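Chemist: One structure is given below, represented as structure tokens, and several questions about it will come after.
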Amino acid sequence: MSPGLWRAAIAAAAVLAVSGVAYVRTTAGNACLYWGTRQVSYLVNDFSVNGAQEVCGPTIDAAAVQAVVQASFDAWTAAVPDGQASCTDLQLLNAGLTTSTHTGYDHQNIVVWRAGPCTSLAPAGDPCLASHTCGDTYNCWDTSAPNHGDSKIIALTTVTYSTRTGQIFDADMELNAANAPLGTGLPTSAGFYFTCGPTGNVCTTLGQTACVYMDVQNTVTHEAGHFIGFAHNPDPLSTMYPTAPIGDTSKRLLAVEDKQGVCDVYPIGKPPLTCGTNSSGCGCGTTGAEGVLGLAAVLLAFGRRRPRAGTTP
Amino acid sequence: MRLPLALLMLLAAGPAAAAVAAPVTVENLAREADAVVRGKVQRRESRWAQDGRHIFTFVTVRVGAVWRGAAPERITVRVPGGEVGEIGQRTDAAPEFEDGEEVVLFLVREDGDTFRVHGLALGKFKVQKGEARPVLGSITFTKGLIPEGERRVETMPVDELEWRVKGRP
């Protein structure tokens, strides 16, 4: 797939639903990405075993964090457009905690907090440092690996799919967690402090509770949208909007276009909404090309993100 | 600073994806890179990694000018993702290339003449009609301040990009 095809596809991938609400799908050539099954399981890495120390406060409680992750995925499967009945039968199933830290194409979908930079966690001289494969082995953020790039990246999702149909086979989420000790201040180069706290004050120190910094539910809800085949949305109200200020929690709840997207793509009792295959050359989202550009242009005049009613408890 | 980000989104041509990044400047990237080059993409080849789970694409770039650091006339850049047969893999925020594309790359040396792009898509600018444009549609930015006098990774004249890369200690 050439980048040119990708670009052409994304330009055509904004779909104006029947309601006129726009959402954007991730595409590969002419094919939109989608899960072929309605029951997609995911595992949550047990970071209490694998090392991330500062997720949601100083007390390690993987089960509590797992619940927050589940709430994030559930936001999509429980989507109910305003004034309508339940409209999707997509199920994103929490399969529990795992000690696995493996990403990539292995038919195991995981959410994993990397526990710190590989340069700190992998033993010096380990061949994985040279081959940039330490991440899965030591559950670390490999700042020298091309799939991690550097420590400024907060989260990554890797999706494996059929080049012909766009059907997703595997998806994994990696979050770049902090491993610095308490009281050292918030990290700037060794991962990020993920919080599960309420909305409100922004945390000022690592391990602080009752505050928000890089909100787990905000981040994972956004990432879960990608996990099921949605791309960034230029509407500032969308969970898929590509900006997340520190302390942001507005993406915990879906906007109307996000709900419409999951309802259209994974409708109850019907096949997933596909866009064609790369062998057939069928077009994708042909009604939406002007939609995405128009929205982006409008966005230029926005300047600021409007608060979304009901997004913060 | 939502307005510039919105502009980036409008200009971004790559498929949307799922990485989240803190704000970063051209100067910061340049300081951290082993080399910054301007060149042209010659060819690409995707293949499975040894672990059998990840796909990487190897991009051959002919270097026309070295703006910072050192690099040979021809380099290989390893980027995550690609397509091998009927399997495709996208590691979000990864830079994408096309044959014949003119680019400015912020590079970190892996071994020999093989490099990676520093900061994933942040470290690749497409050069066209005197303009250098990063393709950042796959990166979600957090909000944050940048050092005074520095410029965020965003579209700018290629001459300015060169000045910022060469002019920083």
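The numbers here are math on the coordinates, done by the rules we state, and not lab data. All of these numbers come straight from a predicted model, not from anything done at the bench. FYI the Cβ positions are ideal-geometry reconstructions off the backbone, even for glycines, and counts take in every protein chain you see.
Chemist: Does region B:17-166 come out rounded, prolate or oblate, given a ≥ b ≥ c as the square roots of the eigenvalues of its C-alpha gyration tensor, rounded meaning a/c under 1.5 and, failing that, prolate meaning a/b above b/c? Before the final figure, lay out each step's value.
Modeler: On the way: a/c = 1.79, a/b = 1.30, b/c = 1.38.
It is oblate, given that a/c is not under 1.5 and a/b is not larger than b/c.
Chemist: Simple spin-label model, 7 Å along Cα-to-Cβ: B:Phe58 to A:Asp82 in nm?
Modeler: 5.4
Chemist: Just how far, in whole angstrom, is region B:55-80 from region A:72-94 if you go by their alpha carbon centroids?
Modeler: Here the answer is 45 Å between Cα centres.
Chemist: Right, something else. How many nm separate the modelled label positions at A:Gln91 and B:Arg43, each set 7 Å beyond the Cα in the direction of the Cβ?
Modeler: Inter-label distance under the simple model: 4.9 nm.
Chemist: Counting other Cβ atoms within 10 Å, keep those with at most 13, restrict to DSSP loop, and tell me which GluC sites (Glu not before Pro) in region B:51-103 are left. All intermediate terms of the calculation are to be shown ahead of the outcome.
Modeler: Numbers: sites: B:Glu73, B:Glu83, B:Glu86, B:Glu96, B:Glu98, B:Glu101, B:Glu102; in loops: B:Glu73, B:Glu86, B:Glu96, B:Glu98, B:Glu101.
Taking region B:51-103 and a limit of 13 other Cβ atoms within 10 Å, the loop GluC sites (Glu not before Pro) found are B:Glu73, B:Glu86.
Chemist: How many nm separate the modelled label positions at B:Glu32 and A:Lys270, each set 7 Å beyond the Cα in the direction of the Cβ?
Modeler: Modelled inter-label distance: 4.5 nm.
Chemist: Are any of the pairs B:Lys40/B:Lys124; A:Lys251/B:Lys124; B:Lys129/B:Lys166 more than 18 Å apart by Cα-Cα distance, and if so, which? Don't skip to the answer; put the middle values down first.
Modeler: Details: B:Lys40/B:Lys124 12 Å; A:Lys251/B:Lys124 28 Å; B:Lys129/B:Lys166 21 Å.
From B:Lys40/B:Lys124; A:Lys251/B:Lys124; B:Lys129/B:Lys166, over 18 Å: A:Lys251/B:Lys124; B:Lys129/B:Lys166.
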